[in-house]
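Since the structure comes first, as structure tokens, the remarks are kept for the end.
The values are calculated or read from the model by the stated rules, or taken from the named source; none is laboratory data. In this text the structure is predicted, and so the values were computed from the model without any measurement. Using ideal geometry, Cβ is built from the backbone for each residue, glycine included, and neighbour counts are taken over all protein chains shown. With ligands, DNA and RNA removed, areas are computed over all heavy atoms of the protein, side chains included. Shrake-Rupley method; radii C 1.70, N 1.55, O 1.52, S 1.80 Å.
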Amino acid sequence: MAIDIPPREELGQILKRSKRIAVVGLSDNPDKTSYMVSKAMQDAGYEIIPVNPNADNILGVKAVKSLSEIEGHVDIVNVFRRSEYLLSVAKEFLEINADVYWAQLGLSDEEAYHLLKDKGYTVVMDRCIKVEHALTK
């Protein structure tokens, strides 16, 4: 069974109603894609929650070591980890009951996709959240 990505119009609706984005694998290095994308989303008005066990502070926000450390509801979990880590992040995602699991451009995992999709979650894989935001705002 293939990975079915929501149409662009639906991605735009997700981004319009979302406010809090937890970014798993957010680097504190300004030259890294995760940093640049997250900074752009932060500049667009989203609350970015860095999830990185090796950093204290990223984009002026205290980093957490795991999704389970986040207080309050998370709208989108945006993943910048290699595809082989998507399943473990998906399992952690289930523990916090966020709304949308979003794996960045170039990342996909069918097992993670079906685990979440079968439980009724919205799953986006292999799409850049910054590009979709720019195309749908």
Revision key, fill the gap. One would report the Cα pair-distance distribution of the stretch 61-137, bin width 5 Å, in %, as 3, 16, 28, 25, 18, 9, 1
Exercise for review: For the stretch 73-137, report the accessible area per residue in Å² (1.4 Å probe, heavy atoms, rounded to an integer).
Suggested key: 47
Check your understanding: Residues of the stretch 22-58 with amide nitrogen under 12 Å from the 7 Å Cα-to-Cβ point of Glu69?
Key -> 25, 50-58
**Study point:** Cβ-defined net charge surrounding Leu59, 10 Å radius [Lys, Arg +1; Asp, Glu -1]
**Key:** -1
Check your understanding: Hey, what D do you get for the chain in µm²/s if you plug the Kirkwood alpha-carbon radius into Stokes-Einstein at 4 °C and 1.567 mPa s?
Key -> 88
Exercise for review: Sequence neighbours fewer than 8 away in the same chain don't count; with that in mind, list the aspartates and glutamates whose C-alpha is under 14 Å from Lys117.
Suggested key: Asp4, Asp99, Asp109
Exercise for review: Once you have the Cα-Cα distance between Asp99 and Arg8, take 0.36 nm times their residue separation minus that, and quote the gain in nm to one decimal.
Suggested key: 31.0 nm
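Could you please state how large a percent of the accessible area of the stretch 2-137 is carbon and sulfur, counting protein chains only and using a 1.4 Å probe? Write out the running numbers ahead of the final one.
Numbers: 3170 of 6950 Å².
Accessible surface attributable to carbon and sulfur in the stretch 2-137 totals 46 percent.
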Check your understanding: If one computes the Cα centroid of the stretch 89-137 and of the stretch 1-71, what distance in Å separates the two points?
Key -> 12
Exercise for review: Taking all pairs of distinct Cα atoms, average 1/r, flip it, and tell me the Kirkwood hydrodynamic radius of the stretch 1-69 in Å to one decimal place.
Suggested key: 13.1
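For the stretch 11-76, run through the trypsin sites (Lys or Arg not before Pro) and keep only the ones in DSSP coil with at most 16 other Cβ atoms within 10 Å of their Cβ.
On the way: sites: Lys16, Arg17, Lys19, Arg20, Lys32, Lys39, Lys62, Lys65; in loops: Lys19, Lys32, Lys65.
Listed in order of number, the matching sites are Lys19, Lys32, Lys65.
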Review point. If you count the DSSP beta bridges with both ends in the chain, what percent of them are antiparallel, to the nearest 5?
Key: 10
Review point. Within straight cross-link reach of Lys137, meaning Cα distance under 16 Å, which lysines are found once same-chain residues fewer than 8 apart are removed?
Key: Lys16, Lys19
